[in-house]
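Step one of this worksheet: look at the structure below.
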Amino acid sequence: MTDALNLLWDRPAGPARATLLLAHGAGVPMDSPFMARMAALLAARGVTVARFEFAYMARRREEGVKAPPDRAPKLLDRFRAARAAVAEQAAGPLWVGGKSMGGRMATLLLAAPDPAVAGAVVFGYPFHPPGKPERTRLDHFPDLTGPLLICQGERDPFGRREEVEGYRLSDPVTLHWAFDGDHDLKPRQRSGSDHEANLTAAADRAAAFMDGSVFP
């Protein structure tokens, strides 16, 4: 049962400028509030979004038993299966992406040659485990085969702005900073901003990036 690959589609009202295959984070499913809102915002900007679940999360949904994420090879196999399924229905260039862990898996796919994938978009990249900045997850970045956009909260415990700006990231990487944002791009109330503004700005940036548009 968990081998079945169920996709959630968000499609634009008009022609699609690109298709994004979007993976969830380690602890939340494909229909979490963040995933649902970001998919809707991107669809409103002309991007077709297909969401899927890794097998461990599908088991959790079916059986009600909380299971830890599978190891990276199994996660990547599931991502590749979803990519193959979505490629048959993709409109425009096919991009891969995800939230947190799902985004990291997308970058690992982008580090392996795949002419079907145009690039990757990540929301909240887990640059390192919280509280362990020495354990960076960047070894594969020099091998990226296409453009990568990372939309990151400025105070994300998985990679704060002051930490990330000290990294020597490879040329294909572009960073978009969510003002005062946490791992979900959510700012503190006292910041004067709000979550919707940060999500909207990230969706604007991601849609333009996938379209190849110049962004100020």
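Condition check for Leu149 on (1) more than 28 Å from Asp77 (Cα to Cα); (2) buried (at least 19 other Cβ atoms within 10 Å of the Cβ): one failure, at (1). In the set Ala202, Ala118, Ala197, only one residue is hydrophobic (A, V, I, L, M, F, W, C), in a loop (DSSP other than H, G, I, E, B) and closer than 26 Å to Ala50 by Cα; that residue is Ala118.
For the stretch 133-144, the criterion of being modelled with pLDDT of 95 or more and either buried (at least 18 other Cβ atoms within 10 Å of the Cβ) or within 9 Å of the chain's Cα centre (by Cα) (or both) is met by at least one residue.
Select from the stretch 166-202 the residues that are more than 16 Å from Gly124 (Cα to Cα) and charged (D, E, K, R) and list them in ascending order. Those that are more than 16 Å from Gly124 (Cα to Cα) and charged (D, E, K, R): Arg168, Asp171, Arg188, Arg190, Asp194.
This table checks each residue for (1) open to solvent by 60 Å² or more (accessible area, probe 1.4 Å); (2) in contact with a helix residue (DSSP H, G or I) (Cβ under 6 Å, 6 or more places away or on another chain); (3) closer than 20 Å to Ala36 by Cβ.
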{"position": "Gly131", "(1), (2), (3)": "yes, no, no"}
{"position": "Gly153", "(1), (2), (3)": "no, no, yes"}
{"position": "Glu163", "(1), (2), (3)": "no, no, no"}
{"position": "Ser170", "(1), (2), (3)": "no, yes, no"}
{"position": "Val173", "(1), (2), (3)": "no, no, no"}
{"position": "His176", "(1), (2), (3)": "no, yes, no"}
{"position": "Leu185", "(1), (2), (3)": "no, yes, yes"}
{"position": "Gln189", "(1), (2), (3)": "yes, no, no"}
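In the stretch 5-109, counting only strands (runs of 3 or more DSSP E) that sit wholly within it, the ones holding 2 or more residues that are surrounded by fewer than 22 Cβ atoms within 10 Å (Cβ to Cβ) and out of contact with any Phe, Trp or Tyr (no Cβ under 8 Å at 6 or more places or on another chain) span 8-10.
The values are calculated or read from the model by the stated rules, or taken from the named source; none is laboratory data. Small disclaimer: the values here were computed from a predicted structure and weren't measured. Using ideal geometry, Cβ is built from the backbone for each residue, glycine included, and neighbour counts are taken over all protein chains shown. These accessible areas exclude ligands, DNA and RNA; they are computed on the full protein's heavy atoms, side chains included. Shrake-Rupley method; radii C 1.70, N 1.55, O 1.52, S 1.80 Å.
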